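Down below is the structure, laid out as structure tokens.
The values are calculated or read from the model by the stated rules, or taken from the named source; none is laboratory data. Quick caveat: nothing in here was measured; it's all calculated off a predicted structure. Note that we place each Cβ from the backbone using ideal geometry, even for glycine, and neighbour counts take in every protein chain shown.
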Amino acid sequence: MIKISIYQNAEGKITGFKSTGHAGFAESGQDIICAAVSALVINTVNSIEHFTSDTFNIKENEKKGEIDFKIVSNLSNESSLLLNSLLLGLQGIQEDYGQEYIKFV
């Protein structure tokens, strides 16, 4: 199961996330849920790095399937939009495939 934690600031705006685990929907290399989550997460991080001047910390552990990402500067409107878009996409995956594969904690 992929576990997702969403980090928020005092204003309730998303400032980061932590994604841990593997969905277990199918064999490695065939797991469409893992592929979808990975694509959304990696695209969000790359987009924030490319399209904003926000600074962030990121920790990765490929074996655990873990990415821990936090904006450490002031949150720009662009990063806020990208992080909200990530959340929307992850929620869509959860709605389509269920909490046995992706869960918000």
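Summary of computed values
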item: Residues (surrounded by 12 or more Cβ atoms within 10 Å (Cβ to Cβ), among the β-branched types (Val, Ile, Thr) and either over 14 Å from residue 4 (Cα atoms) or modelled with pLDDT under 95 (or both)) located in segment 59-73; result: 71
item: Residue satisfying all of: in segment 2-25; more than 17 Å from residue 89 (Cα to Cα) and either among the hydroxyl-bearing types (Ser, Thr, Tyr) or free of Cβ contacts under 8 Å to residues at least 40 places away in the same chain (or both); surrounded by the most Cβ atoms within 10 Å (Cβ to Cβ) among these; result: 8
item: Yes/no for residue 45 being modelled with pLDDT of 95 or more and over 19 Å from residue 20 (Cα atoms); result: no
item: Some residue of segment 45-55 being closer than 15 Å to residue 4 by Cβ, without any contact (Cβ under 8 Å) to a residue 40 or more places away in the chain and out of contact with any Phe, Trp or Tyr (no Cβ under 7 Å at 6 or more places or on another chain); result: no
item: In segment 47-78, the residues that are under 12 Å from the mean Cα position of the chain (by Cα) and among the hydroxyl-bearing types (Ser, Thr, Tyr); result: none
item: Complete set of residues in segment 56-69 that are within 12 Å of residue 19 (Cα to Cα) and in contact (Cβ under 8 Å) with a residue 24 or more places away in the chain; result: 64, 65, 66, 67, 68, 69
item: Residue check for residue 98: without any contact (Cβ under 8 Å) to a residue 12 or more places away in the chain and surrounded by 11 or more Cβ atoms within 10 Å (Cβ to Cβ); result: yes
item: Any hit, segment 31-40, residues being more than 10 Å from the chain's Cα centre (by Cα) and either at positive phi or in contact (Cβ under 8 Å) with a residue 40 or more places away in the chain (or both); result: yes
